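The values are calculated or read from the model by the stated rules, or taken from the named source; none is laboratory data. Just so it is clear, the structure is predicted and the values come from calculations on it, not from any experiment. Every residue, glycine as well, gets a Cβ built from its backbone with ideal geometry; the counts of neighbours run over all protein chains shown.
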Amino acid sequence: MIKKLLQFIFIDDVLKGDIAFLEKIDLFRGLSKRSLAKVALIVFKKTYFDGEKIYEANQEANVVYIVKNGQIKLTGKNLSKVVESEDFFGERSLVENNKHDCSSIALKESELYLIYRAKFYDMAESDNKAGFTIMRNLASILAAKFDSPELQEK
C-alpha cells in the first residue's frame with residue numbers, strides 16, 4: 001500500500017515538473033494548468049546521445065520536438081541552426097503532412113519531449129480550447145519566422 005502511494009506521489013511530482021517545463025514553451029503560452037497536464041500526458045520523452053541523428057531530410061515529419069536540455073543542430077538547404085533548452089523544432093508537422101526539409105543531430109546528450117501529430121490531434125479534439133490556443137500560438141510563431149529578415153529575398 002505504501003509503495004503504491006509513493007509511486008503515485010512520484011508520478012504526480014513528475015507531472016508537475018513536466019507542466020512547469022511546458023509552461024515555459026511559447027507553443028503552449030496561455031494554456032491552463034489542466035490543459036498543460038493533458039499535453040504533458042501525450043509527451044514521449046527521449047534522450048539522444050552526442051552525435052545521434054534525430055531525423056534526416058526527406059523523412060516523414062509527424063513530430064514536434066521540444067528540447068528539455070541539450071543542443072540540437074539543424075542543417076539543410078540554407079539552414080544551419082542550433083536549438084537549445086526550452087526551444088522546439090519540427091512544429092510544422094502539427095499542420096502539414098510533409099517530409100523534413102533538414103536533418104537534425106544531437107551536439108551533446110539531449111533530452112527531448114516528442115509530441116506526435118496523431119496524439120496532438122486526439123488531445124486537441126478532447127480539449128478544443130487548448131487545441132485552438134496551441135494552433136493560434138503556432139500560427140504566430142510561423143508567421144514571425146517567415147517574416148524574419150533572414151528569409152526575405154535580397
Residue pairs meeting the criteria (Cβ under 8 Å; at least 6 apart or on separate chains; first touching a residue at least 12 places away in the same chain (Cβ under 8 Å) and under 14 Å from Lys119 (Cα atoms), in region 25-50; second surrounded by fewer than 20 Cβ atoms within 10 Å (Cβ to Cβ) and among the small types (Gly, Ala, Ser)): Lys38/Ser126
Scope region 97-122; condition among the charged types (D, E, K, R), farther than 18 Å from Asp50 by Cα, exposed (fewer than 15 other Cβ atoms within 10 Å of the Cβ) and free of Cβ contacts under 8 Å to residues at least 60 places away in the same chain; matching residues: Lys99, Asp101
Selection within region 26-39 - buried (at least 20 other Cβ atoms within 10 Å of the Cβ) and among the aliphatic types (A, V, I, L, M): Leu27, Leu31, Leu36, Val39
Top-ranked residue in region 72-118 [being in a loop (DSSP other than H, G, I, E, B) and among the basic types (Lys, Arg); ranked as nearest to Asn58 (Cα to Cα)]: Lys77
Scan of region 86-97 for residues that are modelled with pLDDT of 90 or more and either farther than 20 Å from Ala144 by Cα or aromatic (Phe, Trp, Tyr) (or both), ordered by number: Phe88, Phe89
Some residue of region 123-140 being of a type in the set (Ser, Thr, Tyr), part of a strand (DSSP E or B) and either touching a residue at least 60 places away in the same chain (Cβ under 8 Å) or surrounded by fewer than 13 Cβ atoms within 10 Å (Cβ to Cβ) (or both): no
